[in-house]
Structure formats: C-alpha cells, structure tokens
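Below is one structure, written out as structure tokens; the observations come after it.
The values are calculated or read from the model by the stated rules, or taken from the named source; none is laboratory data. Everything numeric here is computed off the predicted structure, so don't read it as measured data. Cβ atoms come from the backbone with ideal geometry, glycine included; neighbour counts cover every protein chain shown. In case anyone asks, the SASA skips ligands and DNA or RNA and just uses the protein heavy atoms, side chains included. Shrake-Rupley method; radii C 1.70, N 1.55, O 1.52, S 1.80 Å.
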Amino acid sequence: MANKNSWFSGSVIYQIYPRSFYDTNNDGVGDLRGITQKLDYLAGSDGSLGVDAIWLSPFYESPMVDFGYDVADHCAIDPVFGTMADFSELIEKAHERGIRVILDFIPNHVSDQHEWFREARTSKSSPKRDWFVWRDPKNDGTPPSNWLSVFGGSAWEFDATSKQYYLHTFLKQQPDLNWDNPKVRGAMQDIMKFWLDKGADGFRVDSVCWLSKNAELQDDPTNHDFDPRTNSSYDSLDHIYSRDGTKLYPYLSELASVLDKYEDRVIVVEANPNLNKDKGYYLSFYNNVRPHVMAPFNFAVLNMPWDAKSVKHYIDAFQKGLSSDNNPIYVLSNHDKPRIVTRLGGNAARTAAVLLLTLPGSPFVYYGDEIGMENGVVIGSSALDPISGRETYTEAGRDPERTPMQWSDSANAGFSSVAPWLPIGKKYLQDNVLSEEDDESSMLSLYKRLISLRRGCEAIHHGRYVPFDVPEKDIFGFKRIVNDETIVVLLNFVAESRNVRIDGDILLSTCSNTSAGVLAPNEAQIIKLREM
Ligand code: NOJ
C-alpha cells in the first residue's frame, strides 16, 4: 500500500453511504444499482469528479438496528440494497472505469440475529457459545465488570435463558465476537476471502480497538478528567482493560496476511485513541501491523478545534513520525460526524477541502461534502439512528450527516421518485450536483480542480511533506517536494485577510480574485515555487 507505485498511495477515496446515494427501485432507500448508475459522476468520463476508489458502507444482510453495522449474514446482500448480481455488476463497471472498490468489514461484533449468535444463546454447551463473550454475574447478580458500551450504559446484557451476561461494546443487538477463539478469526478471514474473490479491492475495517480485550475482566479505572457536560458516559472510565489488548496487533496482522495471496489489495482500519488522547496511537499501527497493506484512519484533525496552530502542530509532528513508505489517511468527515460545512461554515469548508486534498497519503472524501452539503434537519422525535438523543449525542443522532445525496433541484433532490428514508437537506435547491456542475465557483468545481491537480502534480501526489513556518499565526503552511519541484500550500484559518509573501505562481485558490502576497479571509492557495 505504501509503495509509491501501488494504486492506493496518493489516491482519493470517496465514501458512499449506500442508503443515501441513489435510489433506483423507488423505495426511498439507495441501492447498489444506484451506485452503478452514478459511476460516471465519480470517475472515468469527461467532467467526472476523478476519484480513484470508493468505500461502501455496509450493504450486508442486517436487521438495520445500526443501519448495517449489525451484520446478520456477511456473505449476503440485504434485499434493500439489491442482489449479488447487482454487486458483481457494480464491481465490473467500476473496474472498467478504473475505480477500485473498498468494502466495509465489521469484525468486532455481529447482529444478535446472526445465526452464530442465535445458536450461541441456545445453551451454555452450544458449539458457538465461545464465539461470543459470556460471563457469570457477580454474586449480587450485577454485571461481571464495570465495562461500558460506547453507545451508553453497561456493555453487559443479561441473558435470562442461560443466566449469563454477554458483552456488547456497542448496542445490545451487536454482541461482541470472541476474537481469542481461533475459529472466530478463521471465519472472519474466510469472509474476507469471499469478497476478495468477488473482486473487492480492500476493506475498511470497523472498530478494531475492541478486537482484543485484556481477558481478566478487570474493572476499567475512573477517568478523572471526565466532564459529563461534554463527554458521553463511556468516557467516565479509562478503558485500559476493555480495549487495545495485547493481541490487537497480532490479530490485525493475521487479517492483513489474508491479502498476501492477492495483488494490490488494501486494508484501512478504524481505530480511535482511548479518550481521544493520541500519544502516538496512530503511529503505533504503522510500526506494528504490516504497513505495506494496512494503515489506520487518522481522525485527529476531525476531532480538534479548527485552529491553524493546533492543526499545524499536530500534522507536522505526525508526518515526522511516519517513515517514507508509510501512507497517512486523513479524514475530515464521515457518516458518524457532523458535515464539514455545518462544523466549520461554507468558506472554511473550502479551505478544509484544500487541506485534505494536498496532504500526503490517501484522503477520504465523504459523499456530498464535494457539493457542500450541510447536515440535514431531522426532528429528534423522528430520528432513526438508535443512539439519537442518548447522552451527549445530539437529538437526531447521526441522521443529519446521512441525508440523501442532492443530485438536482427536482423533487427529492433527484435522489428518489418517492419520499426518502431521511429528509432531503434544506438547501438542496442550490447545493446540488446539477447546479454546481456549471458553476466555476461552486464547491464541486473546487473539488474537481483539486483532485485533478493532485493527480497531475507529482509533488502533491507523492512528494515529501516538509513543514513550512509562516510569521502569521492564523496561517497553516506546508511544502510538498519532489525532485526540484516545490509546492507551498497556504491555508488561512480565519475570516480576515493576512499577508504572506511567497515567490511563486498560484496554481489554485479557493477565491476567484486571488492575488499573490495576500490571503483573503479563509482563502487557501496552492503555489508552485519558481525554480532558482
Ligand atoms: C463505527 C461505525 O462507523 C459506526 O457507524 C458504527 O455504529 C460503529 N462502528 C459500530 O459498528
């Protein structure tokens, strides 16, 4: 993966949330055929966005309690998304256009409707019992440890039939698999092979930090920095026992080794540092898990204040920690977080696009961000996300960032001919693909110019990252260098203009009337230094 010649390094990956991309069978929910029909938008024809790959959030058979992150059958397509034939057609048509396809892979838990769990809960002597984590209650009947669910409450659910508790790091409908059982690990590897044989180019692997627990079931200690006004109850404990166990890297290495028999496949892992304290957390994956095929998302910038000094400080240090063949994967948005425009505002979102698409590695773009979609307005009482309204999660949970793609200004934003599963964003009449395609100043035009520049400019695509200090504290600058070509990226993080003199040619700016030496409010410039 990290090899400069492999397809992944330097690529732009576009995340599709299939329920919300395009509906072809008029049930208000997006489907696989919808993705196939929209491939030209993504790459392979004149005027396409130009991405290199897509990542599809889960489309497997599921009761959809957590919208597909509760898998009932890993090797079947949920009928709401289509059929296996639709999947094969999608792979074929994507590959024809040079688009690679990365699938979501959810190894930590399954749905409580999965046949493994249904079998396991029949009795203590079930052959599948040890595929999950079961423990007796304490003497007073309470759960075996104080471990918490990420989504609130205890991570243990009592099973009245066998009078034992089972562990669920997420919803009680998502029992954790027991990764210490080699049969579980073997079964999960078989599932990966199943999809690799069908042509998948890799996986985004969900929630890996919980694959290895420290098995003694010790109580996690109190987190003394916990603030109930800003933290969810999960953060009231310091999860030193319930996650990031000593077997995490060996288990991930085993998974990564499945790819050895295939060419050019990749794995990106989703791992969040305990209590959001990085302290080398992401870097340790590169040092421990076969970095030629596996790399972690980096969510640090997504989770920090939008402030030039903090972002520069973090990225300069992170890049310094990587070796030259490690591939960073920066993320500014996804299906679990508020949309960039909602978080930062429209102008800063343009600056953020430049940041994301000029940093090294393989940036992930969340569907709809390229047209500046905002969070949808979802009324709490009609929210569908199971965590809506819980604790510090907002009233509508994660529904607002999952609203349908806005294709045009026609009914239902051209997403479906019927009312969609989530409401269409309020600003769809202006923020939609069709209107933005003809508008040079639109967010979509900016993304297209950035992606095309990234591909055409070797320094941005594969060059070294070199920190660049500018005297203005609100400007984050860095260089990308290859051979004798140097690109300087300047990002103004504030809504006031700033003077920064660089001797070079402006290749791209977020503003239509840019001028050298001055960064307008929130302006970002990509400058090619003049050769001496
Ligand atoms: C992370 C996924 O991104 C999120 O959507 C899901 O709810 C949890 N993992 C549980 O699978």
Cα-based Debye curve of the chain sampled at q = 0.05, 0.10, 0.11 Å⁻¹ gives log₁₀ I(q)/I(0) of -0.20, -0.82, -1.00
Under 26 Å from the Cα of Lys426 - lysines, other chains or at least 8 residues apart: Lys38, Lys337, Lys448
Quick one: Karplus J couplings for the range 334-344, per residue in order, coefficients 6.51, -1.76, 1.60, θ = phi - 60°, nearest Hz, x for Gly and Pro? 6, 6, 10, 10, x, 5, 4, 4, 5, 6, 10
Report ³J(HN,Hα) in whole Hz for each residue of the range 41-47, in order, from the Karplus equation J = 6.51 cos²θ - 1.76 cosθ + 1.60 where θ = phi - 60°; Gly and Pro get x. 5, 7, 5, x, 9, 4, x
FRET efficiency, Asn26 to Ser123 (Cβ-Cβ, R0 45 Å, nearest 0.05): 0.50
If I compute solvent accessible area with a 1.4 Å probe over the protein chains, what percent of it on the range 115-167 is carbon and sulfur? 48
Sorted by chain and then number, the residues having a modelled amide H within less than 5 Å of the amide H of Glu395, at least 5 places away or on another chain, are Gly389
What does the highest-first list of 72-78, 521-527 look like by mean Cβ count within 10 Å? 521-527, 72-78
If you roll a 1.4 angstrom probe over the protein chains with everything in place, what fraction of the accessible area of the range 461-529 belongs to carbon and sulfur, to the nearest %? 46
Put a dot 7 Å past each Cα toward the Cβ at Ser257 and Asp484; how far apart are the dots in nm? 4.8
Quick one: angle between helix 346-358 and the longest Cα principal axis of the chain, in degrees between 0 and 90, rounded to 10, please. 80
Which percent of the accessible heavy-atom area of the range 326-418 goes to carbon and sulfur, probe 1.4 angstrom? 51
Under 8 Å for C-alpha pairs, at least 6 residues apart: give me the relative contact order for the range 363-458, rounded to a whole percent. 26
Under 14 Å Cα-Cα from Lys473, which aspartates and glutamates qualify once same-chain neighbours fewer than 8 residues away are excluded? Asp307, Glu496
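Please compute the length gained on full extension between Asp73 and Arg229, using 0.36 nm multiplied by the number of residues separating them and subtracting their Cα-Cα distance.
Length difference between fully extended and current span is 52.3 nm.
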Separation of the range 285-326 and the range 455-498 by C-alpha centroid, Å? 17
The relative contact order of the chain, taking Cα pairs under 8 Å that sit 6 or more residues apart, comes to a percentage of 13
Using the Karplus curve 6.51 cos²θ - 1.76 cosθ + 1.60 with θ = phi - 60°, work out ³J(HN,Hα) for each residue of the range 439-450 in order, rounded to whole Hz, and write x for Gly and Pro. 10, 3, 9, 6, 4, 4, 5, 4, 4, 5, 5, 5
What's the local net charge at Leu529, with K and R +1, D and E -1, over the other residues with C-beta under 12 Å away? -1
What percent do you get for the relative contact order of the range 461-529 when only Cα pairs under 8 Å and 6+ apart count? 30
Taking R0 as 60 Å, what's the FRET efficiency between Ser417 and Ser310 from their Cβ-Cβ distance, rounded to 0.05? 0.85
With a ≥ b ≥ c the root eigenvalues of the C-alpha gyration tensor of the range 19-65, is it rounded (a/c under 1.5), prolate (a/b larger than b/c) or oblate? oblate
Determine the gain in length on full extension of the stretch Ala495-Thr514; use 0.36 nm per residue of separation and subtract their C-alpha separation, reporting nm with one decimal. 5.3 nm
Please report how far the C-alpha centroid of the range 349-422 lies from that of the range 75-95, rounded to the nearest whole angstrom. 23
Probe of 1.4 angstrom, ligands and nucleic acids ignored: what's the accessible area per residue over the chain, in square angstrom? 39
Filter the cross-link list Lys213/Lys309; Lys172/Lys320; Lys172/Lys277 down to pairs whose alpha-carbon distance in this structure exceeds 32 Å. Lys213/Lys309; Lys172/Lys320
Residues whose modelled amide H sits under 5 Å from the amide H of Ile54, counting only those 5 or more places away in sequence or on another chain, are Tyr14, Arg100, Val101, Ile102
Can you tell me which lysines have their Cα less than 16 Å from the Cα of Lys193? Leave out same-chain residues fewer than eight positions away. Lys183, Lys261
What does the highest-first list of 471-480, 31-40 look like by mean Cβ count within 10 Å? 31-40, 471-480
